Amino acid sequence: MSDPTFRAGFDLALETAINTALQYDPATRARLQPLDGRTLALDLTAPQIQCYLCLAGDRVYVRQQEDGGVTTRIGGSAISLVRLLKDPDATPAALGVSISGSSTLLAELQEILRDLDIDWEAPLAQLVGDIPAHTIGTVLRGASSWLSANLNRAPAAAAETISEEWQLTPPQAQFEAFVEDLAELSLATERLEARVHLLQAQFARREAE
Amino acid sequence: MKDRKTTHFGYQEVPVEEKAGRVAEVFHSVASRYDVMNDLMSGGIHRLWKRFTIELSGARPGQQILDIAGGTGDLTARFSRIVGASGQVVLADINASMLEVGRDRLIDRGIAGNVVPVQADAQHLPFPDNTFDCITIAFGLRNVTDKDLALRDMLRVLKAGGRLLVLEFSKPQSRLLEKIYDQYSFRLLPLMGKLVANDADSYRYLAESIRRHPNQETLKQMMVEAGFVECEFHNMTGGIVALHRGIKP
């Protein structure tokens with residue numbers, strides 16, 4: 001993206017997307033206003049992009065150059081940064097994200113993004129009307145919650161299928177029992193070894209007498 | 001008559017004192033359709049060029065900005081939002097028709113209060129020394145008769161540390177792009193001018209004036225000679241347009 005035209009196009013698209021989304025979430029817009037004048041610098045490593053998110057009123061401006069002060073600078077892969085902003089249990093160290101400057105802005109943005117609730121039905125209603133938009137919205141919300149629930153259950157279900165159905169790996173309980181037996185055997189072996197050493201030492205002493 | 005100084009007007013040589021009038025005729029003719037034609041000719045990319053110009057301007061709330069050859073007020077509108085109520089943007093253009101269209105358009109968009117329209121010649125700016133934090137001239141310098149004089153006057157009205165940004169058509173960096181661009185400029189552009197603005201000649205002048213404009217390195221050198229420091233340029237869209245930036249020491 002060395003030609004500034006392409007980069008300006010990317011920034012404009014991102015900025016338009018953010019502000020269009022914010023247009024349909026008045027609560028988030030109101031919460032952004034106290035952050036007016038603050039700048040978040042993003043040093044993305046994958047993909048390698050540097051950009052600045054400047055908060056002005058209830059709008060967000062995306063820039064590739066920023067001469068003014070940066071409030072907070074965060075660096076890491078795009079996926080890590082999204083997880084950091086959305087996942088309440090995520091920590092920067094665990095995700096390999098570096099942070100410099102004020103961490104307050106980051107904490108405030110994390111809180112705002114977690115509560116983000118964009119009313120997608122509003123723009124849809126402008127295109128197709130209220131009732132079709134509500135129907136589509138209900139179907140999409142149902143599909144989204146089904147997908148989200150299934151995605152959350154997916155790792156456990158996959159593990160169960162691999163061990164119970166396909167029997168490619170032992171079940172967890174069996175594996176844990178095996179590990180316990182192994183640990184006990186290991187301790188017993190060590191005790192036996194110590195006993196043998198003791199007996200060897202006693203025999204050696206008797207032979208010497 | 002032999003000693004009469006001449007300058008270029010597109011590919012024609014005209015007496016120096018005639019050029020401003022000829023350029024004025026072109027812009028009087030295109031003023032009402034200027035924005036439509038800009039979008040059409042550049043495919044909307046001129047908005048991205050201007051966006052990058054704003055970014056490099058480093059404009060801040062409270063600053064004084066001069067938008068020379070501001071035309072229909074694209075840059076002025078954006079600067080007006082940035083400098084806020086405590087700052088001021090002067091929309092300057094030598095052409096009354098362009099200035100009128102720009103002023104009306106800004107008022108229609110609710111942009112007023114911190115914008116002052118001024119009819120001014122870039123070679124003789126009607127402002128005191130050290131007035132502005134930033135000066136921009138977008139797609140205007142090539143129409144100025146004496147560019148060196150204009151650059152020196154811009155330096156005069158800038159505050160120390162202030163920035164000049166010159167956004168202008170320039171020389172494409174690849175031979176292939178240059179050929180495609182030539183075909184587009186000399187065949188398609190006048191045709192579009194004829195169809196949309198009913199004025200093929202003005203758009204032929206546009207293509208010719210771009211070819212006569214100094215290339216990237218020459219313009220950078222002109223800025224250095226005018227007294228600017230830390231001069232640099234950024235090629236955009238393969239060099240079709242270049243953004244030059246210089247700072248007043």
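Quick one: how many Å² of B:ASP104 are accessible to a 1.4 Å probe, rounded to 10?
Rounded to the nearest 10, that gives 60 Å².
Hey, any idea what % of the protein assembly as shown's accessible area is carbon plus sulfur with a 1.4 Å probe? Show your work: numbers first, answer last.
Details: 14070 of 24870 Å².
Carbon and sulfur atoms account for 57 percent of the accessible area of the protein assembly as shown.
Taking the Kirkwood radius as the inverse of the mean 1/r across Cα pairs, report the Rg/Rh of the protein assembly as shown.
Details: Rg = 33.1 Å, Rh = 27.1 Å.
So for the protein assembly as shown, dividing Rg by the Kirkwood Rh gives 1.22.
Please work out the C-alpha center-to-center distance from the range B:33-105 to the range A:118-165 and express it in whole Å.
The two parts, judged by their Cα centres, are 45 Å apart.
Work out the mean other chain Cβ neighbour count within 10 Å for the residues of A:49-62 and drop it here as an integer.
On the way: counts 0, 0, 0, 1, 0, 0, 0, 4, 1, 0, 1, 0, 4, 0.
Partner Cβ neighbours, averaged per residue: 1.
A plus B alone minus the pair: what accessible area, both sides summed, probe 1.4 Å, in Å² to 100? Can you show the working numbers first?
Working: alone 14530 and 11580 Å², together 24870 Å².
Chains A and B together bury roughly 1200 Å² of accessible area.
Among DSSP beta bridges whose residues both lie in the range B:59-124, state the antiparallel percentage, nearest 5. Walk me through the numbers on the way to the answer.
Working: 1 of 11 bridges.
If we restrict to bridges inside the range B:59-124, about 10 percent are antiparallel.
Can you run phi through the Karplus equation (6.51, -1.76, 1.60; θ = phi - 60°) for the range A:168-177 and list ³J(HN,Hα) in whole Hz, with x for Gly and Pro?
7, 10, x, x, 4, 5, 5, 5, 5, 5
Counting helices only, and only those DSSP H runs with n ≥ 4, report the 222 nm mean residue ellipticity of chain A as the sum of -39,500 (n - 2.57) divided by its residues, in deg cm²/dmol to the nearest 500. It would help to have the intermediate numbers written out before the result.
On the way: 8 runs with 128 residues, N = 209.
The helix-only estimate for chain A comes to -20500 deg cm²/dmol at 222 nm.
Using the structure shown, list the pairs from B:LYS179/B:LYS220; B:LYS194/B:LYS220; B:LYS50/B:LYS171 with a Cα-Cα distance above 29 Å, or answer none. Working shown, then result.
Details: B:LYS179/B:LYS220 24 Å; B:LYS194/B:LYS220 34 Å; B:LYS50/B:LYS171 18 Å.
Table pairs above 29 Å Cα-Cα are B:LYS194/B:LYS220.
Calculate, for the range A:4-119, the solvent-accessible area per residue in square angstrom, rolling a 1.4 angstrom probe over the heavy atoms of the protein chains. Each step should come with its number before you reach the end.
On the way: 5750 Å² over 116 residues.
Spelled out: the 1.4 Å probe surface of the range A:4-119, per residue, equals 50 Å².
Near the amide H of B:GLY162, under 5 Å away, which other amide H atoms are found, from residues 5 or more places off or on another chain, if H is placed in the peptide plane?
Under 5 Å from the amide H of B:GLY162: B:LYS248.
What ³J(HN,Hα) values, in whole Hz, does the Karplus curve 6.51 cos²θ - 1.76 cosθ + 1.60 give for the range A:63-80 when θ = phi - 60°, with x put for Gly and Pro?
10, 9, 10, 8, 8, x, x, 9, 6, 9, 10, 10, x, x, 6, 4, 5, 4
Go through A:171-178, B:57-64, B:147-154 and give me the packing order, highest mean Cβ count within 10 Å leading.
Working: A:171-178: 11.4, B:57-64: 18.9, B:147-154: 20.4.
Answer by packing, highest mean first, reads B:147-154, B:57-64, A:171-178.
Rounded to the nearest 5, what is the percent of antiparallel bridges among the DSSP beta bridges in chain A? Please list the in-between numbers first.
Details: 16 of 21 bridges.
Rounded to the nearest five, the antiparallel share is 75 percent.
Counting just the Cα atoms, what span does the range B:195-235 cover along each of its three principal axes? Round to the nearest Å and put the largest first.
44, 17, 13
Any chance you could check the Cα centroid distance between the range A:45-86 and the range B:115-182 for me, in angstrom?
Answer, in whole Å: 32.
Between Rg and the Kirkwood Rh of chain B, both from Cα atoms, what is the Rg to Rh ratio? The partial results should precede the final answer.
Values: Rg = 17.3 Å, Rh = 18.3 Å.
Expressed as Rg/Rh, it is 0.94.
If you take all C-alpha pairs in the range A:170-209, what percent of them are over 15 Å apart? Don't jump to the answer; show the numbers that get you there.
Numbers: 463 of 780 pairs.
Distances greater than 15 Å cover 59 percent of the Cα pairs.
Applying a 10 Å radius around every beta-carbon, put A:120-133, B:35-48 in order of their mean neighbour count, most first. All intermediate terms of the calculation are to be shown ahead of the outcome.
Working: A:120-133: 13.3, B:35-48: 15.9.
Result, highest mean Cβ count within 10 Å first: B:35-48, A:120-133.
Using the reciprocal of the averaged 1/r over all distinct C-alpha pairs, how large is the Kirkwood radius of the range A:120-169 in Å? Display every interim value, and only then the final one.
Details: mean 1/r = 0.0760 Å⁻¹.
It is 13.2 Å.
Report, as an integer, the average count of C-beta atoms from other chains found within 10 Å of each Cβ along A:111-118. List each step's numbers first, then the result.
Values: counts 0, 0, 0, 0, 0, 0, 0, 0.
Going residue by residue through A:111-118 and averaging, the value is 0.
Once you average over the residues of B:51-60, how many Cβ atoms of partner chains fall within 10 Å of each Cβ?
Details: counts 10, 9, 2, 4, 11, 4, 2, 4, 1, 2.
Averaged over the peptide's residues, the number is 5.
Quick check on the range A:4-119: what are the equivalent-ellipsoid semi-axes from the Cα gyration tensor, as sqrt(5λ), descending, whole Å?
Values: eigenvalues 77, 70, 40 Å².
Largest first, the range A:4-119 gives 20, 19, 14 Å.
If you average the sequence gap of Cα pairs under 8 Å that are 6 or more apart and divide by the length of chain B, what percent do you get for the contact order?
Relative CO of chain B lands at 19 percent.
Would you mind checking the radius of gyration and Dmax of the range A:8-50 based on alpha-carbon positions, in Å?
12.6, 32
Once you keep just the Cα pairs under 8 angstrom separated by 6 or more residues, what percentage relative contact order results for chain A? Please list the in-between numbers first.
Numbers: 204 pairs, mean separation 28.3, N = 209.
Worked out over chain A, it gives 14 percent.
Going by average Cβ density within 10 Å per residue, which order do the peptides B:71-81, A:54-64 take, highest to lowest?
Details: B:71-81: 24.0, A:54-64: 18.3.
For the peptides B:71-81, A:54-64, the packing ranking is B:71-81, A:54-64.
The values are calculated or read from the model by the stated rules, or taken from the named source; none is laboratory data. Since we're looking at a predicted model, the values are computed, not measured. FYI the Cβ positions are ideal-geometry reconstructions off the backbone, even for glycines, and counts take in every protein chain you see. Each accessible area value is taken on the protein alone, full model and side chains, heavy atoms only, with ligands, DNA and RNA left out. Shrake-Rupley method; radii C 1.70, N 1.55, O 1.52, S 1.80 Å.
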